[in-house]
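As structure tokens, the structure follows; a few thoughts come after it.
The values are calculated or read from the model by the stated rules, or taken from the named source; none is laboratory data. Being a predicted model, the structure only gives us computed values, none of them experimental. Cβ atoms come from the backbone with ideal geometry, glycine included; neighbour counts cover every protein chain shown.
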Amino acid sequence: MTCPRVKVKMLALTAIPGGLGHAGLLVRSSVSSYEPCTISGYPTVDAGLSGQSTATATDVRIAYLGGVATRVSAPLPRLTITSRPRVASFTIQWADGNGPTCPAVDEIQFSLPGSTVVQTARSMYEPGVGNTRFMGIYCSHLSVTPLVKGSSGSAR
């Protein structure tokens, strides 16, 4: 059974230190459902960019900053959701830069697989800095990894 009425609460949006030319975020959420169900797949993610434009993430199984390291033909992780809240996570990644043609990321919107509940974040936590509204510069290649159980954003 899929989870059309899953309850989602964003717990944290945290910067992931990336290498030169990469930026990323770890998204952690609490999920529960009145009726037991399972979810699997990719969150739907949009980045609101300065200048009123939007970037939509493409699905990637594994990325530089997280994901699911399995064969492409292997099924994605399935999360059993009950009335007891549990933590689920995923990562977002993009090519960043610094220049007049690359806008700033103003907000991140996401919904979990099969859910119509949209969560919006306009700030993030950056280790060593604290909470900040600056989420980075977006140049290209916004991607999202599958939803996994736990808070790491990875199932390796």
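The table for this structure:
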item	result
Filter result for GLY51 (out of contact with any helix residue (DSSP H, G or I) (no Cβ under 8 Å at 6 or more places or on another chain) and outside any loop (DSSP other than H, G, I, E, B))	no
Identity of the residue in region 33-48, assigned to a strand (DSSP E or B) and not acidic (Asp, Glu), that ends up farthest from the chain's Cα centre (by Cα)	CYS37
Residues located in region 93-112, provided they are at pLDDT below 90, in a loop (DSSP other than H, G, I, E, B) and either aromatic (Phe, Trp, Tyr) or within 20 Å of GLY67 (Cβ to Cβ) (or both)	ASP96
Number of the condition not met by SER111 [criteria: (1) farther than 18 Å from ILE81 by Cα; (2) surrounded by 15 or more Cβ atoms within 10 Å (Cβ to Cβ)]	(1)
Verdict on ARG86 being under 17 Å from PRO146 (Cα atoms), of a type in the set (Lys, Arg) and in contact (Cβ under 8 Å) with a residue 60 or more places away in the chain	yes
Cβ pairs under 7 Å, 6+ apart, first in region 39-59 and more than 20 Å from SER29 (Cα to Cα) and without any contact (Cβ under 8 Å) to a residue 12 or more places away in the chain, second assigned to a strand (DSSP E or B) and of a type outside the set (Lys, Arg)	THR54/ASP46; THR54/ALA47; THR54/GLY48
Some residue of region 144-152 being touching a strand residue (DSSP E or B) at 6+ places or on another chain (Cβ under 6 Å), of a type in the set (Ser, Thr, Tyr) and not in a loop (DSSP other than H, G, I, E, B)	no
Selection within region 76-92 - of a type outside the set (A, V, I, L, M) and part of a loop (DSSP other than H, G, I, E, B)	PRO77, THR82, SER83, ARG84, PRO85
Matching residues in region 70-92 - criterion: being loosely packed, with under 12 Cβ neighbours inside 10 Å and aliphatic (A, V, I, L, M)	VAL72, ALA74
GLY128 over 14 Å from the mean Cα position of the chain (by Cα), without any contact (Cβ under 8 Å) to a residue 40 or more places away in the chain and either over 24 Å from ARG78 (Cα atoms) or surrounded by fewer than 18 Cβ atoms within 10 Å (Cβ to Cβ) (or both)	yes
